[in-house]
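Asker: After the structure tokens below, expect a handful of questions from me.
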Amino acid sequence: MTSIAVVPGSFDPVTFGHLDVIERAATIFDEVHVVVVHNPDKKPLLSLESRIDLIRTAVEKFDMAAKIVVTGWQDGLLVEYCKQVGATVLVKGVRNQQDIGYETQMVLMNRSLAGIETMFVLPDPAFSAVSSSLVRQVFHLGGDVSEYVPQHVIDIMAAAALSDENSAAE
Ligand code: PNS
């Protein structure tokens, strides 16, 4: 039987911490679906398509790229995506106790909704202070984020920031 896991998230933008978790998941499961979830309550910096493209470009370089599918989900519950593709496990990166606290309710809800289990993966400690929201903040304030996200992500964040500035000026 093929083991299929889903690594879900907003990935706005994908960080080296996320990529570390995706790579670790690919060493354990036969197929890993990285699912960029559209959250109607959040206004993302990057479009869903752009977030998907950035992850695809990053994972292309992995040895296990052939077992990784990158896609988007904006049709409601994540467990419905899991059912559609036959995934039985969600993989979440957790950096600290706070992350585990935040994730716990979702773990129990996803199990209760559809019997989907969740596996926590600790990324390399080098990435324990990295989050998408901090990357966005540091980037906007002119800081160097090259330790936290790949260069192609920085390029797209710069383009998105420029297009925001241009539309604000119009
Ligand atoms: O990267 P994030 O923003 O922490 O990811 C949160 C995410 C996308 C994994 C979570 O919000 C989610 O699973 N959303 C999908 C909608 C859903 O199924 N909600 C019920 C979750 S218990």
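The values are calculated or read from the model by the stated rules, or taken from the named source; none is laboratory data. Remember, predicted model here, so these are calculated numbers, not experimental data. Positions of Cβ are generated from backbone atoms using ideal geometry, with glycine treated the same way; all protein chains shown enter the neighbour counts.
Asker: Do we find that Gly72 is small (Gly, Ala, Ser) and within 13 Å of the ligand (Cβ to nearest atom) in this structure?
Answerer: In short, yes.
Asker: Can you tell me which residue in the stretch 1-15 is nearest to Asp41 (Cα to Cα), limited to those that are more than 15 Å from the ligand (Cβ to nearest atom) and among the hydrophobic types (A, V, I, L, M, F, W, C)?
Answerer: Ile4
Asker: Determine, yes or no, whether Asp99 is under 30 Å from Gly86 (Cα atoms), modelled with pLDDT of 95 or more and away from the ligand (no atom under 16 Å from the Cβ).
Answerer: When the stated conditions are applied, Asp99 does not pass them.
Asker: Could you list, in sequence order, all residues of the stretch 54-96 that are at pLDDT 95 or above and acidic (Asp, Glu)?
Answerer: Glu60, Asp63, Glu80
Asker: Confirm whether Arg111 is over 18 Å from the mean Cα position of the chain (by Cα) and of a type in the set (Lys, Arg).
Answerer: yes
Asker: Then there is this: Only residues that are aliphatic (A, V, I, L, M) and under 12 Å from the mean Cα position of the chain (by Cα): list them for the stretch 6-31, please.
Answerer: Val6, Val7, Val14, Leu19, Val21, Ile22
Asker: Any chance you could count how many residues in the stretch 92-115 are buried (at least 16 other Cβ atoms within 10 Å of the Cβ) and within 23 Å of Leu134 (Cβ to Cβ)?
Answerer: Total meeting the criteria: 6.
Asker: For the stretch 45-68, state whether one or more residues are touching a residue at least 24 places away in the same chain (Cβ under 8 Å), under 16 Å from the mean Cα position of the chain (by Cα), in a strand (DSSP E or B) and closer than 12 Å to Pro8 by Cα.
Answerer: no
Asker: Okay, moving on. Among (1) farther than 20 Å from Ile156 by Cβ; (2) within 16 Å of the ligand (Cβ to nearest atom); (3) surrounded by fewer than 17 Cβ atoms within 10 Å (Cβ to Cβ), where does Val89 come up short?
Answerer: (3)
Asker: If you don't mind, there's one more thing I want to ask. When only residues in the stretch 140-170 that are in a loop (DSSP other than H, G, I, E, B) and out of contact with any Phe, Trp or Tyr (no Cβ under 9 Å at 6 or more places or on another chain) count, which is nearest to Gly17 (Cα to Cα)?
Answerer: Here the answer is Ser146.
Asker: Please list, ordered by first then second residue, the pairs with beta carbon atoms under 6 Å, 6 or more apart or interchain, first in the stretch 119-146 and free of Cβ contacts under 8 Å to residues at least 24 places away in the same chain, second crowded, with 16+ Cβ neighbours inside 10 Å and outside any helix (DSSP H, G or I).
Answerer: These pairs meet every condition: Val138/Val145; Phe139/Val145.
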